[in-house]
Amino acid sequence: MSLRIRRNPRLERIRRNRLHPEYTALMAATVPAIGPTGLRRINPHQTGFVMVQGRKRLNRLNPGGVGFATSSQPGQAQAKEKPLHSVTDPRGYVAVVMDLPGGRLSSHDRDVLGLAQQLAQAKDDPHAVLAIALGDVRETDLGGAGADRVIQLSQLHTEPLTGYCPELKLSILTEIEKHYQPAYWLFPDSIDGGADLGSRWAVQQHERAAVQAWQVNKENTVCRGGSQLTDWHRPTPRVLLLAPECAAPVEEYRYEALPLELTPPEPISATIEDRGPVSVDPSQIALSEAEFILAAGNGVRNWDQFHQVATVLGATEGASRVAVDDGYMPRHRQVGASGTWVSARVYLAVGISGAIQHLQGIGQCETVIAVNLDAGCDMVRRADLTVIADSEAVFAELLNLMTERQTGVSHQSDTADEGEARHVA
Ligand SMILES: Cc1cc2nc3c(=O)[nH]c(=O)nc-3n(C[C@H](O)[C@H](O)[C@H](O)COP(=O)(O)OP(=O)(O)OC[C@H]3O[C@@H](n4cnc5c(N)ncnc54)[C@H](O)[C@@H]3O)c2cc1C
């Protein structure tokens, strides 16, 4: 019998389209399972949807996979105290070197920690997930993301571990290898540092790393290659560079995140000099790679003001299809199912209603902020933060605030709705 998973393109199409007449019936059939502790478990095969090229996408806005998150759902999930998972005497470790962009866990970090827990639990003897944080850390809940043990270093002797310093980081990883000899080394295969550090580490360890690995178990690994069109199967190596969504983040337990001791390695003289980031014009950044997007829809009237705000905020411009069809924005700036799928850390959607085709394109964004007059629209339901106000008033207020910030002088806005916009913002 073939082990190949057969896809059903028709069901996938319906699952992608919330407006399809059979959508509700299909999603109602995906009943969330209840785990042994009474908490709801995510079945990663039922959440999200499969993209056209066969790549699975997790639905981050609603892990249960049914409908859309409502504002009450996150609070309910937090209110329930999760049981503690502890590994008292670990016989081995699964090491995860986290990216921690801006000092916080990225969604990619959480996916990799989720996979690390799966690999640790697949071991015959007790293994702990060792989360390694190099640089400044602002994250307070590494245990909630799946870390049993933590090694955290913000500097090596007097050298800070911020910026680009792969040699210092490699010397720390070498020390960890010497003391703890992890069974696996996991890195997010990302531009935030994981791909670079993981590749260097694999070379140093004389390991042939799995890159863009998206399906991993203790025996086999599947990696994406050939412009995301080909799968490569191989035995699971010790060093893995993992694609986003390689596993679902942990949800059922909280973990101890106990600090582990590490004697800092001898100082080294680094040959790579970090000369700091190069400033780039945000309008030149491809939408799919932009970290901060200001997107406009049919609710934007003053387009000069929109471009001005994007410039002062340093945001990359995006648009809904209506804004593009009406000729206000070029086609390559369209976000959504028939435009570009984006994965910005912050997506600021102004005057966009949140049609399903648009929401599909922003499923990977970490934080969504909506500015809209309609408190009941789908974009507001999707957003983490909402401003119910007129787009022009909010733009004017943003321009004022940025000018104040740059000049240190307070400006009075003459917009009628300014008070409301400032209050809500
Ligand atoms: C096959 C197909 C593919 C599609 N692909 C895409 C795609 O890739 N991307 C995409 O975006 N769309 C796509 N669409 C179109 C999509 O269905 C919606 O029509 C479109 O996204 C709506 O754009 P909008 O939200 O800007 O406009 P509208 O739906 O008109 O919404 C405007 C919003 O602005 C708000 N508003 C109005 N005035 C103000 C104001 N003064 N201040 C603040 N808010 C205000 C309103 O409350 C409303 O929520 C596709 C459609 C089809 C059929």
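Observations on the model:
- Scanning region 357-387 for residues that are near the ligand (Cβ under 7 Å from one of its atoms), assigned to a helix (DSSP H, G or I) and more than 14 Å from residue 343 (Cα to Cα) turns up 357, 379.
- Check on residue 136, open to solvent by less than 10 Å² (accessible area, probe 1.4 Å), assigned by TED's automatic domain parsing to the domain that holds residue 243 and touching a Pro at 6+ places or on another chain (Cβ under 9 Å): no
- Residue in region 316-333 that is assigned by TED's automatic domain parsing to the domain that holds residue 393 and under 30 Å from residue 167 (Cα atoms) present: no
- Answer residue from region 288-303, given it is in a loop (DSSP other than H, G, I, E, B) and charged (D, E, K, R) and is farthest from the ligand (Cβ to nearest atom) among those: 291
- Residue check, residue 351 crowded, with 23+ Cβ neighbours inside 10 Å, of a type outside the set (A, V, I, L, M, F, W, C) and within 12 Å of the ligand (Cβ to nearest atom): yes
Table: residues versus (1) within 14 Å of residue 187 (Cα to Cα); (2) touching a residue at least 24 places away in the same chain (Cβ under 8 Å).
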| position | (1), (2) |
| --- | --- |
| 216 | yes, yes |
| 222 | no, no |
| 228 | no, yes |
| 232 | no, no |
| 237 | yes, yes |
| 242 | yes, yes |
| 257 | no, yes |
| 262 | no, yes |
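- Residue in region 143-158 that is open to solvent by less than 20 Å² (accessible area, probe 1.4 Å), modelled with pLDDT of 95 or more and farther than 22 Å from residue 246 by Cα present: yes
- Some residue of region 279-298 being of a type in the set (Gly, Ala, Ser) and over 24 Å from residue 326 (Cβ atoms): yes
- Region 306-326, subset more than 8 Å from the ligand (Cβ to nearest atom) and open to solvent by 60 Å² or more (accessible area, probe 1.4 Å), residue farthest from residue 375 (Cα to Cα): 311
- Taking the conditions (1) of a type outside the set (Gly, Ala, Ser); (2) within 22 Å of residue 179 (Cβ to Cβ); (3) open to solvent by 10 Å² or more (accessible area, probe 1.4 Å) in turn, residue 110 satisfies each one other than (2).
- Figure legend. Inter-residue proximity from region 178-198: first residues of a type in the set (Asp, Glu), second residues open to solvent by 30 Å² or more (accessible area, probe 1.4 Å), beta-carbon distance below 7 Å, spacing 6+ or different chains. Indicated pairs: 189/211; 189/212.
- Applying the condition of being among the β-branched types (Val, Ile, Thr) and in contact with a helix residue (DSSP H, G or I) (Cβ under 8 Å, 6 or more places away or on another chain) to region 354-387 and asking which residue is most open to solvent (accessible area, probe 1.4 Å) yields 386.
- Looking at 341, 303, just one residue is aromatic (Phe, Trp, Tyr), surrounded by fewer than 21 Cβ atoms within 10 Å (Cβ to Cβ) and closer than 26 Å to residue 402 by Cα, and that residue is 303.
The values are calculated or read from the model by the stated rules, or taken from the named source; none is laboratory data. Keep in mind that this is a model prediction, so the values were computed, not measured. Please note: Cβ atoms are built from the backbone with ideal geometry, for glycine as well, and neighbour counts cover all protein chains shown. In case anyone asks, the SASA skips ligands and DNA or RNA and just uses the protein heavy atoms, side chains included. Shrake-Rupley method; radii C 1.70, N 1.55, O 1.52, S 1.80 Å.
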